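The values are calculated or read from the model by the stated rules, or taken from the named source; none is laboratory data. No experiment lies behind these values; they were computed from the predicted model shown. Glycine gets a Cβ as well: all are built from the backbone with ideal geometry, and neighbour counts include every protein chain shown.
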Amino acid sequence: MQNKKTIVVVGASRGIGRAMVEQLAANPNHTVLALSRNTKAMEEFSELENVICHPFDLESGHLRQVAEGIFAEVESIDILINNAGKLINKPFAELSHDEISSCYQVNTIGVMHTVQAVLPKMLEKGGHIVNISSMGGFQGSVKFAGLAAYSTSKAAIASFTELFAEEYKDSKVKMNCLCLGAAQTEMLEEAFPGYEAPVSAEKMAEFIVDFALNSNQWMNGKVLPVSLTTP
Ligand SMILES: NC(=O)c1ccc[n+]([C@@H]2O[C@H](COP(=O)([O-])OP(=O)(O)OC[C@H]3O[C@@H](n4cnc5c(N)ncnc54)[C@H](OP(=O)(O)O)[C@@H]3O)[C@@H](O)[C@H]2O)c1
């Protein structure tokens, strides 16, 4: 029997998200909803017949309704990967209210509203929600000066993962959170010019795709570091 899956990738226009869409779409049993603000950057996905692109801004005031409208197009959703992220690298004392707020809107609040919107499409059949956090948001990890808004908003989504899993533990919806170490993407290059990450966007995407497709059988509410650094 064919194992058809509908998979949503938020933050699909570049970096790890873009690589995930390409990898997921390589399986013809997958229908991939690719969501991002930059629709021009997603134009190449039109060559992939099982990818549907939608403009999507996590900072939109009506985010939940926008997401519900997009998700209404499909019968059910098996996997949601909350991959979009906003990083501001700036000394803590110089961060404006708007900058802190914007990081939280994209990295935390927007994710929570997207999850609210996806639930009606997931509760009956069950599914897996994967939140992409950062090692900087992982308790006890090495911290980087300048990332107060980014890393705390990523820590919040890790905490949300544990909370959600508890609240929905009797349902068939599972949620886990991956705290990524450095991967070579435009976000990393913009934030830390010249830094060379040990992992490519494609390799990181391979890990997340496999995790998203399979790990809900064994894990729920887990916050996992995905990093080559020790300890
Ligand atoms: N690369 C790393 O070293 C690293 C390390 C730890 C964690 N992470 C996390 O991994 C995830 C992917 O990172 P990446 O390096 O691939 O980042 P990236 O190259 O900057 O890509 C981020 C994606 O998020 C989307 N996005 C940003 N703001 C958005 C908004 N307001 N609404 C909707 N989508 C939005 C972007 O698309 P649009 O601009 O088209 O909207 C883009 O597709 C992020 O959550 C990041 O925090 C990355």
I'd like to check something: does region 187-197 contain any residue that is without any contact (Cβ under 8 Å) to a residue 24 or more places away in the chain, out of contact with any strand residue (DSSP E or B) (no Cβ under 9 Å at 6 or more places or on another chain), buried (at least 16 other Cβ atoms within 10 Å of the Cβ) and not polar (S, T, N, Q)? yes
Per the list (1) within 9 Å of the ligand (Cβ to nearest atom); (2) touching a Ser or Thr at 6+ places or on another chain (Cβ under 7 Å); (3) more than 16 Å from GLY136 (Cα to Cα), residue check on LEU180 breaks on (3)
Hey, among the residues in region 91-104 that are in contact (Cβ under 8 Å) with a residue 12 or more places away in the chain and part of a loop (DSSP other than H, G, I, E, B), which one's nearest to the ligand (Cβ to nearest atom)? LEU95
Filter pass, GLY221 being touching a Ser or Thr at 6+ places or on another chain (Cβ under 8 Å), in contact (Cβ under 8 Å) with a residue 12 or more places away in the chain and in a loop (DSSP other than H, G, I, E, B): yes
Given the residues ILE109, ILE81, ILE88, ILE16, which is the only one that is under 29 Å from LYS143 (Cβ atoms), within 15 Å of the ligand (Cβ to nearest atom), part of a loop (DSSP other than H, G, I, E, B) and not polar (S, T, N, Q)? ILE88
Take GLN116 and tell me if it is among the polar types (S, T, N, Q) and modelled with pLDDT under 95. no
Quick check on region 19-59: of everything there that is farther than 22 Å from LEU178 by Cβ and in contact (Cβ under 8 Å) with a residue 40 or more places away in the chain, which residue is nearest to the ligand (Cβ to nearest atom)? GLU59
For region 165-195, enumerate the residues that are in a loop (DSSP other than H, G, I, E, B), farther than 14 Å from SER227 by Cα and not polar (S, T, N, Q). TYR168, LYS169, ASP170, LYS172, PHE192, PRO193, GLY194, TYR195
